[in-house]
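The values are calculated or read from the model by the stated rules, or taken from the named source; none is laboratory data. The structure presented is a predicted model; accordingly, all values stated were derived computationally and were not measured. Methodologically, a virtual Cβ is constructed for each residue, glycine included, from the backbone with ideal geometry; neighbour enumeration extends over all protein chains shown. Heavy atoms of the whole protein, side chains included, go into the accessibility calculation; ligands, DNA and RNA do not. Shrake-Rupley method; radii C 1.70, N 1.55, O 1.52, S 1.80 Å.
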Amino acid sequence: MGHHHEDEHIHSGEHTHAHEHTHTHEAPAGMTPAEKVCALLGYMIDHNDHHAAELADLLPAVEGAANKKLLEAIGTFEAANVQLREVLQLLKKESE
């Protein structure tokens, strides 16, 4: 269960560059479907945190309405992670 994607990043508004992220989600043999979901959710939460931090690094280069929208986008990542963490906690409680 792997996937690959390319991201283009803008640094300081001066230039862009693309780099690839390759992610492999190989579940160890014997994992239950619920354990696989928990592992994937944990990965996704970390991944979202990483991208939110990258967006936050762009804030000094963005002004006005665009800055406000970027802050909202970062908040969306954070709000999604709150929900994903709640799902993860519920799944862990159910498996106890």
Of the residues in segment 24-80, those that are at pLDDT 95 or above and of a type in the set (Ser, Thr, Tyr) come to Tyr43, Thr76
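Listed here are the residues, each with its yes/no results for (1) open to solvent by less than 60 Å² (accessible area, probe 1.4 Å); (2) over 20 Å from Tyr43 (Cα atoms); (3) out of contact with any His (no Cβ under 8 Å at 6 or more places or on another chain); (4) of a type in the set (S, T, N, Q).
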residue: Ala66; (1), (2), (3), (4): yes, yes, yes, no
residue: Lys69; (1), (2), (3), (4): no, yes, yes, no
residue: Ile74; (1), (2), (3), (4): yes, no, yes, no
residue: Glu78; (1), (2), (3), (4): no, no, yes, no
residue: Val82; (1), (2), (3), (4): no, no, yes, no
residue: Glu86; (1), (2), (3), (4): no, no, yes, no
residue: Lys92; (1), (2), (3), (4): no, no, yes, no
residue: Ser95; (1), (2), (3), (4): no, no, yes, yes
Given the condition touching a Gly at 6+ places or on another chain (Cβ under 9 Å), small (Gly, Ala, Ser) and open to solvent by 40 Å² or more (accessible area, probe 1.4 Å), answer yes or no: does some residue in segment 54-62 qualify? yes
